[in-house]
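Notes to accompany the following structure.
The values are calculated or read from the model by the stated rules, or taken from the named source; none is laboratory data. Given the structure is predicted, the values throughout are model-derived calculations rather than measurements. Please note: Cβ atoms are built from the backbone with ideal geometry, for glycine as well, and neighbour counts cover all protein chains shown. We work out accessible area using only protein heavy atoms, side chains counted, and drop any ligands, DNA or RNA first. Shrake-Rupley method; radii C 1.70, N 1.55, O 1.52, S 1.80 Å.
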Amino acid sequence: MNHFFSKYHWPAALFLLFVCIAIGTQTHAQPSEETKQSYLAHIAAAGSSFRLNDGVGLKRWVKQAPTALRNWEWDYLNRTSEQSQQTAVFGEEPPLNMTLSPDGKNILLPSILGNVMHYLADDLTPMAPYTIGATFNYDIAYHPNGQQFFACSRDTMLRCVDAKSRLNIWEINSGGFGLARVCVSPDGQKIAFASWRYDKTKGIIGFVSLFQTSDGKKIWTTDFGVKPILGLKFSPNGQFLAAGNWDGQVAVWKTSNLNQVFKMFDFADRKDYTAIDDLAFSPDSKQLVAASKCGEPRIWDIESGKRIGSLQGLSQAVMSVTYSTDGHYIFTGGDEGVIMVWDTANWTLVKKMFGHEGRITRIIAAPGGNQLLSLADDNTIRRWQIGQPSWFSSEPGRDKYVYAFDLSTDGKVLAMSAPKNQLAFWEIDSGKFSHAINVLKDPLNAIDFSPDGAKVAGCNWGTEAKVWDIKTGAVLLDLKGLEGGGSSIAFSPDGKWIAMACRKNAVYIWDATSGTLHKKLEVLGGAYFVMFSPDSKRLAAGANNGHVYIWLTSDFNQENLLKSHSGGSFSLAFSADGKSLISGGEDGKIVLWDLITSRMLFASKVHSQRIWSVAFSPDGNRIVSGSADFTVGITDARSGELVLRIAEGRSGIYNVSFTPDGRKILANETNGRTLLFDGSK
């Protein structure tokens, strides 16, 4: 007999057992209501910081959110708060500017202590700095051959330095009195210098000069404005030189005729401070963009002189601007500390890149087009992977309006409406366009992949519904018998049936193998959406009168009728176990039903306008919704509480879906734009 459990020791054993139970209970205790509210408050504050471009606040609120309740929304905001790939931190020698060698391998930064700091671009490894005899360096630029660089400094000197030997090749007095910029012509023969000088009678005068790169000989100079000039660029083809000053003026000269200004641009219609701190030519040299302290970068066509765009929505000064190497995007940075990515096709914001915690003073697109480098007042350089700023945006597969939208069951392929009555297919991982197939005569309203991903079914507002091979585009089935247009179509997960919601008060069921019409189910008020349960045993339909019909697929007899919404029930989703169903409708509510008891578990008002689409996360903990109010909502599937609202839409969000791994959410706007929200850990 074990002596521990003798009559003398059993009370101690019993006490120990109680202690163990108590500890276990505490370990598995549910978070308190206070913890839940704290989590929701932190996520809401982080979401607000994102919308307000407050990167510091975004990081702080995400970091402080209670750990026990962290879910997809936390992963998404945490990933968003730091998107740079690598960071180098400076000590007590903050640089004022940055240049990248032509081969993209070396970064040089002029510092306020007179040194030129040197980093390797691939991994931001610090190298030995250059000592060039200056006291305070303003700007620096590489020669196109990468063997020399040029620096201007507070001591008014302009220097040419051998990048390998680290020796000064020549130095001259630039004539500048303070802040200055330099840039080198693409042919490597001329260096442009811009600064200001003081005249006793005229005051401050801005000027631009050209020097020979070989020996520093001045070959041209002209006055421009009465303020410092901090925007200075040659066009990539070498035909133009542009300068922007703190009066909000931009002058463009033809390098073949420097005697007169070719074009003048300005911000004269703005009444606020419009000082220009940076300029950038498009890669084809046809456009010029100016970064201004008024927060509205503007783009002009060089030849016509017309303003062709402006980047709207920024509330603080823009200090740096550059084009992507392919010209498809413009990157801006400034006082907000966030890199903004703009689509040059329509001048709209497509992405925000958080990471810096201070004003961004310089952005450079690296050769090759895959990386971006940035410098900020937080004493860091950061390296970014550009990736795909605007997903699923290639012209052949990008339609003006998109309603048909679906992910394959394996999460590898996205299909959506394309121009010319086609259906486009895209790679999910890369966002790249794959191919398109011809479909119906009139635009598609809805599509659905077959369970094996080899086929896709589609319908429109006419009386057309077909099934195609996704690779060849061959019509496999022509679904006959329709008496009205369809707004939703679905394969059963077992591949046996195809169902379609018809506005003429019916749901149609076809045999998915033969295409034979099997049943026509009556739906009062007209059907809008159909979906099978994961085990294929039930079919649910959302009706325009707000009801949800449920049939058993064994005989298609009606099992239930759920009164979900005041107005249409526009989207449905079954839980993974098939025991629960959510609906989204006209009233902006998400309704959760227990299908075993037919009990409504919650009806949560999460949107201000109709909900077009709802979906469960794969783990069942979250519900994503897309609405006509231009937002995507993330809702707790247990409590019905809205956890996060993502307000990045520019039109109604018509479809939303989690990828099968639960890491990403894909959403499409009715205007054709596809949004991707990445919650990968």
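Condition check: modelled with pLDDT of 95 or more and either open to solvent by less than 10 Å² (accessible area, probe 1.4 Å) or assigned to a strand (DSSP E or B) (or both). Does residue 188 satisfy that? So residue 188 fits the description; yes. Those residues that are among the aliphatic types (A, V, I, L, M), surrounded by 16 or more Cβ atoms within 10 Å (Cβ to Cβ) and touching a Gly at 6+ places or on another chain (Cβ under 8 Å), I need them from segment 499-520; list them, please. Of everything in segment 499-520, those that are among the aliphatic types (A, V, I, L, M), surrounded by 16 or more Cβ atoms within 10 Å (Cβ to Cβ) and touching a Gly at 6+ places or on another chain (Cβ under 8 Å) turn out to be 500, 501, 506, 512.
Residues of segment 328-365 that are in a loop (DSSP other than H, G, I, E, B), open to solvent by 20 Å² or more (accessible area, probe 1.4 Å) and over 21 Å from residue 273 (Cα atoms): 328, 344, 345, 346, 347, 357. Applying the criterion of being aliphatic (A, V, I, L, M), out of contact with any Pro (no Cβ under 9 Å at 6 or more places or on another chain) and farther than 18 Å from residue 664 by Cβ to the residues of segment 63-95, the residue that is most open to solvent (accessible area, probe 1.4 Å) is 89.
All but one of (1) under 19 Å from the mean Cα position of the chain (by Cα); (2) farther than 18 Å from residue 367 by Cα hold for residue 332, so report the exception by its number. Here residue 332 meets the rest and fails (2). At least 3 residues being within 14 Å of residue 417 (Cβ to Cβ) is the threshold, and among the strands (runs of 3 or more DSSP E) wholly inside segment 434-489 those reaching it are 444-449, 455-460. Of all the numbered requirements in (1) within 22 Å of residue 343 (Cβ to Cβ); (2) open to solvent by 10 Å² or more (accessible area, probe 1.4 Å); (3) of a type outside the set (Phe, Trp, Tyr), residue 414 misses one, and that requirement is (2). List every residue pair whose Cβ atoms sit under 9 Å apart, with the two residues 6 or more apart in sequence or on different chains, where the first one lies in segment 541-559 and is more than 18 Å from residue 592 (Cα to Cα) and at pLDDT 95 or above and the second, anywhere, is assigned to a loop (DSSP other than H, G, I, E, B) and of a type in the set (S, T, N, Q). Note: pairs meeting the criteria are 553/492; 553/533; 553/536.
Before we move on, is residue 668 buried (at least 20 other Cβ atoms within 10 Å of the Cβ) and modelled with pLDDT under 95? So residue 668 fits the description; yes. Those residues that are surrounded by fewer than 17 Cβ atoms within 10 Å (Cβ to Cβ) and in a strand (DSSP E or B), I need them from segment 521-550; list them, please. Listed by number, the list holds a single entry, 522. Residues in segment 117-126 include at least one that is open to solvent by 40 Å² or more (accessible area, probe 1.4 Å), in contact (Cβ under 8 Å) with a residue 12 or more places away in the chain and part of a strand (DSSP E or B). Would a scan of segment 134-157 turn up a residue that is within 19 Å of residue 231 (Cβ to Cβ), open to solvent by 40 Å² or more (accessible area, probe 1.4 Å) and either without any contact (Cβ under 8 Å) to a residue 40 or more places away in the chain or among the small types (Gly, Ala, Ser) (or both)? Within segment 134-157, none of the residues are within 19 Å of residue 231 (Cβ to Cβ), open to solvent by 40 Å² or more (accessible area, probe 1.4 Å) and either without any contact (Cβ under 8 Å) to a residue 40 or more places away in the chain or among the small types (Gly, Ala, Ser) (or both). When 525, 585, 567 are checked against the criterion of being within 22 Å of residue 670 (Cβ to Cβ) and at pLDDT below 95, 567 stands alone in meeting it.
Within segment 199-255, how many residues turn out to be farther than 28 Å from residue 269 by Cβ, in contact with a Leu (Cβ under 8 Å, 6 or more places away or on another chain) and either polar (S, T, N, Q) or open to solvent by less than 10 Å² (accessible area, probe 1.4 Å) (or both)? Qualifying residue count for the region: 5. Open to solvent by 20 Å² or more (accessible area, probe 1.4 Å) and closer than 25 Å to residue 488 by Cα: does that describe residue 681? Considered against the rule, which asks whether it is open to solvent by 20 Å² or more (accessible area, probe 1.4 Å) and closer than 25 Å to residue 488 by Cα, residue 681 comes out as no.
Looking across segment 593-611, the residues that are buried (at least 24 other Cβ atoms within 10 Å of the Cβ) and touching a residue at least 40 places away in the same chain (Cβ under 8 Å) come down to 593, 611. Each residue in segment 269-282 was checked for being open to solvent by 70 Å² or more (accessible area, probe 1.4 Å) and either of a type in the set (A, V, I, L, M, F, W, C) or not in a loop (DSSP other than H, G, I, E, B) (or both), and 0 pass. Say whether the condition of being among the aromatic types (Phe, Trp, Tyr), touching a residue at least 12 places away in the same chain (Cβ under 8 Å) and either crowded, with 23+ Cβ neighbours inside 10 Å or part of a loop (DSSP other than H, G, I, E, B) (or both) is met by at least one residue in segment 370-386. Within segment 370-386 (the criterion being among the aromatic types (Phe, Trp, Tyr), touching a residue at least 12 places away in the same chain (Cβ under 8 Å) and either crowded, with 23+ Cβ neighbours inside 10 Å or part of a loop (DSSP other than H, G, I, E, B) (or both)), the answer is no, since none of the residues qualifies.
Taking segment 1-81 and the helices (runs of 4 or more DSSP H) fully enclosed by it, the elements with 2 or more residues that are out of contact with any strand residue (DSSP E or B) (no Cβ under 7 Å at 6 or more places or on another chain) and modelled with pLDDT of 95 or more are at 33-51, 55-64, 72-81.
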